[in-house]
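J.: Have a look at this one before I ask anything.
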Amino acid sequence: MNNLGRQFVLAAALERVEKTMETLRQDVRYGIRMMLKNRGFTAVAVFALALGIGANTAIFSVVNAILLRSLPYKDPARLVVPISVNAARGMDRGSITYADYLDWRNETEVFENVAVFDSGTADLTGGGEPERIEVAGVSQEYFAVMGVEPQMGRTFSSDEFELNATRTLVISYRLWQRKFGGDPGVLEQTVFLNGRPYPVIGVMPKDSQWPDNFDIWVPMAVGPNPEPDLLRRDNMIFIAVARLKPGVRIEQASAAMATIAKRLEQEFPESRAGWTNKAIPLRDYIVGDQLQLALMVLLGAVGFVLLIACVNVANLLLARAATREREIAIRMALGSGRLRLIRQLLTESVMLGLAGGGVGLLLAFWGVDLVTALAPADVPRLAEVKIDFRVLGFATVASVVTAVLFGLIPALHASKVNLNESLKEGGRSSTEGARSGRIRSALVVSEVVLSLVLLAGAGLMVRSFMRLQQVDPGFNTNNLVTMSINCPTKRYPDPGKVIAFYKNMVDRVAASPGVESAAVSSAIPLGGGGFYLGRVFLIEGHPEPPAGPDHEAQWNVIGPAYFETTGIRLIQGRSFDERDTAESNKVIIINETLARRMFPNEDALGKRIRSWRDENLLREIVGVVQDVRYYGRADELRGLVYVPHTQNTWRSMVLSVRTTADPAALIGSIRDQIWSLDKDLAIANPRTMGQILAQSVASQRFSMMLLTAFAAVAMVLAMVGVYSVLSYTVAQRSHELGLRMALGAQTGDLMRLVLVHGMKLTLIGTGIGLASAFAVTRLMKSLLYEIGATDPATFAVVTVLLMGVGLAACLIPAYRATKVDPMVALRYE
């Protein structure tokens, strides 16, 4: 093609583009005039769409931050977490041993780097009140695995991991800003952790590390020859993180680790039987399966709300199309083609969608603040939830797509006009009216179906939460306040000093005004704080595995008056008292569940058991106490043992205080009593048991509240749909209704006619909705507590509720039908 031909083609193309843009401008101007002309219709449509788009945008912003946005680490797709798995013990995401880490580092070719760390807390002192800080002891590869360089200073050198090396530490950006005011001179300072000096050698960049709760990193000083206890194959107290080599898939890494685990199972059958290892993506480890499922359920729920809003607006557009039938017929008679009319009508729909999206985006900003305020504090990456460009893109696409969804059917229907009928003076087409009525009825049925699915899901969540609230935690949660304390080795070098401090502290606090009693323990129920040490126990004289079974239980070290303070009921035997000293007979108290498992047909009192892999001392059972829920209200009943603090001295303990008045009001005075003994002790996590109780069900409450809110909005929108269709039907059938009245129909007959039509639609939608809900709610099974995903009572209640609301939506149009004036209705216009 020569230059002249190319210029001709280009000119023709530019002319087509210009003509198309001019047509689009005409359609937009006409659409704006129509929206302003019908302000009531526009307001209702925009508000319905804004609710749906705003809710979707708010929830998508949460999903985007937690599930979709890339982790803030170098090449995060290659970061994995090696975990331990034992199906027989119900362990699907266990910690690992230090020896496992050494095997993976030395024997596999799948990892570029693999690191291990353990977590703990320490008291940071100097420069104000002492503060409890989350500390990670990391292996030498940790910062290389995460792929991060310090913002200031350096990380650890190889010699700082030796046993006798000078201790140094690296601090987080957050701690640098909060504690040191962003002072660049922090690298010249020495801070005190548990009374020991540590030079600060580096500051990490913001949002650069996992886990992100750590504020201080110290070298895991193990030396070239770790202690034998550290290398035990059942010492699963560490967490690993690894970086895959380029091109290595996670399945290859899991297979390599499983091969090593199979060999270890044969070498150490007593401790590794049934255990294997695999790698999971870091993102999946951070988020967890339950949270991912909950977010997907919520995203699906708001998607249903948006669909219902679209159906409502589609019904409104169908009704408006009937009033514009004559206008459309005239335009077609003047030469407008069907595609041209469809484009015009879709342009108007897109403008409605964009207007709804704009208002919805404003609602989404408020919604994001509301969702993050309601969300549990332990939701990962919650601080990253915001309206960013991806969310804005989602809102824009949602606006356009929904506009096409709700606008296409009315546009296609409106463009099929009968010119002869429509151009007659007062002409009506009974065929077109019947076809339009069937479309509107089908849309209403779909709204009812979607609403019932949402109501069923919300009903199940409500019932599940009610069951959870009825669970007995096993102790008295009223007027109880807790806080954590740690006695550092430097100031309390031997167990005697630790025991004496806690005794003095408890006595002083217990004697304070407003205090009924006080006690310490290594952990408290409902996941409220402390350290839960998992151990396995054998009955005296029974063989060790694999020759015989052992029994799992959580180990809790307690001081005097612990059961009296917490309200845990003693069922048999006695509590610990002054007889139980370091030199006396070793004793233990067990809970009901462990007593049933270990001694199903005999009395547990007087029997002796031992934690055979750890302490390995025979302890006499002197008491049996009531079961408590240790990891939260939804926790299963598990074996628990209690040992006296005098016989197993722990430095880090939780203080529980029973008060006679508001426990929160006494936190300050309790803190003062502790600091009167040691002003350098940090008082960590002071909370009432009521707060702990609420936190233990926070995730279930969050999901229930949001799903219930979305279901309520969906139900209201669906009933508005039923109401609007019936109102329109009554208006369209006024001639018929007037004729019926003129021929002798009674008021009750007309009301029954409209009610039957409306309830028929509701009944059909309910039937289809029940079948759909039975299928969909099964996906929620793991989110429910002690209730089936197809619970008959829940489905019966939501069915009756929806039918009742549907009946209410039918009553006003039915009443209006009885007020039709036959003389007016039969008059030809």
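The values are calculated or read from the model by the stated rules, or taken from the named source; none is laboratory data. This one's a predicted model, so the numbers in the text were calculated from it and none came from an experiment. As a convention, Cβ positions derive from the backbone with ideal geometry for all residues, glycine included, and neighbour counts pool all protein chains shown. The accessibility values were calculated without ligands, DNA or RNA, using every heavy atom of the protein model including side chains. Shrake-Rupley method; radii C 1.70, N 1.55, O 1.52, S 1.80 Å.
J.: For Gln695, state whether it is within 26 Å of the chain's Cα centre (by Cα), assigned to a helix (DSSP H, G or I) and not hydroxyl-bearing (Ser, Thr, Tyr).
T.: yes
J.: Among what's in the range 686-697 and is modelled with pLDDT of 90 or more and of a type in the set (S, T, N, Q), pick the residue that is most open to solvent (accessible area, probe 1.4 Å).
T.: Among residues in the range 686-697 that are modelled with pLDDT of 90 or more and of a type in the set (S, T, N, Q), the one most open to solvent (accessible area, probe 1.4 Å) is Gln691.
J.: Looking at (1) more than 18 Å from Gly534 (Cβ to Cβ); (2) assigned to a loop (DSSP other than H, G, I, E, B), find the lone condition where Leu655 falls short.
T.: Among (1) more than 18 Å from Gly534 (Cβ to Cβ); (2) assigned to a loop (DSSP other than H, G, I, E, B), the lone unmet condition for Leu655 is (2).
J.: So, one more: Of the residues Ile201, Ile237, only one is at pLDDT below 90 and touching a strand residue (DSSP E or B) at 6+ places or on another chain (Cβ under 8 Å); which?
T.: Ile237
J.: Which residue pairs have Cβ atoms under 6 Å apart, sit 6 or more places apart or on different chains, and have a first residue in the range 604-621 that is in contact (Cβ under 8 Å) with a residue 40 or more places away in the chain and a second that is β-branched (Val, Ile, Thr) and crowded, with 21+ Cβ neighbours inside 10 Å?
T.: Filtered contacts from the range 604-621: Lys607/Ile621; Ile621/Ile588; Ile621/Ile590.
J.: Ile590 is checked against (1) at pLDDT below 95; (2) assigned to a strand (DSSP E or B) and fails just one. What number does that condition carry?
T.: With respect to (1) at pLDDT below 95; (2) assigned to a strand (DSSP E or B), Ile590 is out only on (1).
J.: Turning to a different aspect of this structure: When the range 192-222 is examined, which residues are found to be more than 24 Å from Lys490 (Cβ to Cβ) and open to solvent by 30 Å² or more (accessible area, probe 1.4 Å)?
T.: Pro205, Lys206, Asp207, Asp212, Asn213
J.: While we're on this one: Could you go through the range 371-390 and let me know if any residue there is β-branched (Val, Ile, Thr), part of a helix (DSSP H, G or I), modelled with pLDDT of 85 or more and within 23 Å of Ala45 (Cα to Cα).
T.: No; the residues of the range 371-390 include none that is β-branched (Val, Ile, Thr), part of a helix (DSSP H, G or I), modelled with pLDDT of 85 or more and within 23 Å of Ala45 (Cα to Cα).
Listed here are the residues, each with its yes/no results for (1) open to solvent by 20 Å² or more (accessible area, probe 1.4 Å); (2) touching a strand residue (DSSP E or B) at 6+ places or on another chain (Cβ under 6 Å); (3) on the phi < 0 side of the Ramachandran plot; (4) among the β-branched types (Val, Ile, Thr).
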| site | (1), (2), (3), (4) |
| --- | --- |
| Val80 | no, yes, yes, yes |
| Ala88 | yes, no, yes, no |
| Arg105 | yes, yes, yes, no |
| Glu112 | yes, yes, yes, no |
| Thr121 | yes, yes, yes, yes |
| Ser139 | no, yes, yes, no |
| Met152 | yes, yes, yes, no |
| Asp159 | yes, no, yes, no |
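J.: While we're here: Six or more apart or on different chains, Cβ under 8 Å: which pairs go from a residue in the range 557-574 that's closer than 17 Å to Val509 by Cβ and open to solvent by less than 60 Å² (accessible area, probe 1.4 Å) to one that's part of a helix (DSSP H, G or I) and among the aromatic types (Phe, Trp, Tyr)? Could you list them?
T.: Final answer for the pair search is Gly559/Tyr502.
J.: Now a separate question. Tell me whether the range 470-489 contains one or more residues that are of a type outside the set (D, E, K, R), in a helix (DSSP H, G or I) and within 27 Å of the chain's Cα centre (by Cα).
T.: Scanning the range 470-489 turns up no residue that is of a type outside the set (D, E, K, R), in a helix (DSSP H, G or I) and within 27 Å of the chain's Cα centre (by Cα).
J.: A follow-up question, please. Which numbered condition in (1) surrounded by fewer than 22 Cβ atoms within 10 Å (Cβ to Cβ); (2) touching a residue at least 60 places away in the same chain (Cβ under 8 Å) is the only one that Leu526 fails?
T.: Result: Leu526 passes all but (1).
J.: Mind listing just one residue for me: the one in the range 763-816 that is crowded, with 16+ Cβ neighbours inside 10 Å and touching a Lys or Arg at 6+ places or on another chain (Cβ under 6 Å) and, of those, nearest to Thr747 (Cα to Cα)?
T.: This residue is Thr794.
J.: Condition first: under 21 Å from Lys386 (Cβ atoms) and surrounded by fewer than 16 Cβ atoms within 10 Å (Cβ to Cβ). Now tell me which residues in the range 37-68 satisfy that.
T.: The answer is Leu68, and nothing else.
J.: Kindly provide the set of residues from the range 161-191 that are open to solvent by 80 Å² or more (accessible area, probe 1.4 Å) and of a type in the set (Asp, Glu), ordered by number.
T.: Within the range 161-191, Glu162, Glu188 qualify.
J.: So in the range 127-182, with the set limited to residues that are outside any helix (DSSP H, G or I) and among the hydroxyl-bearing types (Ser, Thr, Tyr), which one is farthest from Gln209 (Cα to Cα)?
T.: Filtering the range 127-182 for residues that are outside any helix (DSSP H, G or I) and among the hydroxyl-bearing types (Ser, Thr, Tyr), the one farthest from Gln209 (Cα to Cα) comes out as Thr166.
J.: Being farther than 26 Å from Ala77 by Cα, open to solvent by 60 Å² or more (accessible area, probe 1.4 Å) and either in contact with a strand residue (DSSP E or B) (Cβ under 8 Å, 6 or more places away or on another chain) or of a type in the set (D, E, K, R) (or both) is the filter here; which residues of the range 263-301 pass it?
T.: Scanning the range 263-301 gives Arg263, Glu267, Glu270.
J.: Taking the range 190-234, which residues are assigned to a loop (DSSP other than H, G, I, E, B) and within 18 Å of Ala122 (Cα to Cα)?
T.: Hits for the range 190-234 are Asn194, Gly195, Pro211, Asp212, Asn213, Phe214, Asp215, Met220, Ala221.
J.: Could you check how many residues of the range 100-123 are in contact with a Pro (Cβ under 7 Å, 6 or more places away or on another chain) and more than 24 Å from Ser271 (Cβ to Cβ)?
T.: 1
J.: Criterion first (within 30 Å of Arg272 (Cβ to Cβ), at pLDDT below 90 and part of a loop (DSSP other than H, G, I, E, B)) does Glu544 satisfy it?
T.: In short, yes.
J.: Shifting gears a bit: Provide a single number: the residues in the range 244-282 that are assigned to a loop (DSSP other than H, G, I, E, B) and farther than 23 Å from Tyr142 by Cα.
T.: Final tally of qualifying residues: 4.
J.: Does the range 492-513 contain any residue that is assigned to a loop (DSSP other than H, G, I, E, B), farther than 28 Å from Ala634 by Cβ, among the aliphatic types (A, V, I, L, M) and open to solvent by 20 Å² or more (accessible area, probe 1.4 Å)?
T.: Yes - at least one qualifying residue is present in the range 492-513.
J.: Here's something else I'd like to know. Looking at (1) without any contact (Cβ under 8 Å) to a residue 24 or more places away in the chain; (2) touching a His at 6+ places or on another chain (Cβ under 6 Å), can you tell me which one Arg597 breaks?
T.: Every condition holds for Arg597 apart from (1).
Each row is one residue, and each column tells you yes or no for (1) within 30 Å of Asp680 (Cα to Cα); (2) in contact (Cβ under 8 Å) with a residue 12 or more places away in the chain; (3) within 31 Å of the chain's Cα centre (by Cα).
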| position | (1), (2), (3) |
| --- | --- |
| Gly90 | no, no, yes |
| Val114 | no, yes, yes |
| Gly120 | yes, yes, yes |
| Glu134 | yes, yes, yes |
| Gly137 | yes, yes, yes |
| Thr155 | yes, yes, no |
| Glu162 | yes, yes, no |
